[in-house]
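A quick write-up on the structure given underneath.
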Amino acid sequence: MKLLYTLIILFAFSFGQYEKDVSEGEKHILYNQSKKSSVIGVVSELFIPTLGYAYMGNWERGLKIKAAHLISSVAIGGSVFFIYDYTILDSPTNFGNSSGYDYMWISYGLLQVFILFDVDKEIKKHNHKIFKQIFNKEPPSFSLNLQPTYKGVNLNLSYSFK
């Protein structure tokens, strides 16, 4: 029986886990391949609704926000249109010569700007999460990077404002 336990223990130790150390350069390459660009996300959201969220990998959030965006724009425009049409002309609630559609488009534009800022914020959160997964630490607030090139060296300097 002792021989059986000894063989089981030796057999178990022969399949031990070994984790290869990954160099900092390899981690940076992996991070640069995994991170998302805020510019691409915002521009794609601007031209095709919810595409910025899909680029980030959160399509459901984009659909929910876009639905709320459309419903609120129509509700704002409809309520202003209702107040405009059914008030006495000399009433202080009269909005002049503009219709509810003007307010609907203004609210639509303001909410669209909010969505673009939200896409940018979500992509930055995604990149922060990826950095923490790869490097097991918080991203530095200040970084200096020298990259050799054919005709010299590129100097990259970045600082994070919070």
Next item on the list: Test Ile106 against the stated conditions and say whether it is at pLDDT below 85 and of a type in the set (Val, Ile, Thr).
Entry: yes
Notebook entry, point to check: Which ones in the range 122-145 are surrounded by 10 or more Cβ atoms within 10 Å (Cβ to Cβ) and either in contact with a His (Cβ under 6 Å, 6 or more places away or on another chain) or part of a strand (DSSP E or B) (or both)?
Noted result: Ser143, Leu144, Asn145
Note to self: So for the range 145-154 (the condition being farther than 19 Å from Val39 by Cα, in contact with a Ser or Thr (Cβ under 7 Å, 6 or more places away or on another chain) and either of a type in the set (Asp, Glu) or at pLDDT below 90 (or both)), does at least one residue qualify?
What the structure shows: no
Next item on the list: Could you tell me whether Gly78 is in a helix (DSSP H, G or I), more than 19 Å from Lys125 (Cα to Cα) and either small (Gly, Ala, Ser) or modelled with pLDDT of 90 or more (or both)?
Entry: yes
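The values are calculated or read from the model by the stated rules, or taken from the named source; none is laboratory data. None of the values given here were measured: they were computed from a predicted structure. Neighbour counts run over all protein chains shown; Cβ positions are idealised from the backbone, glycine included.
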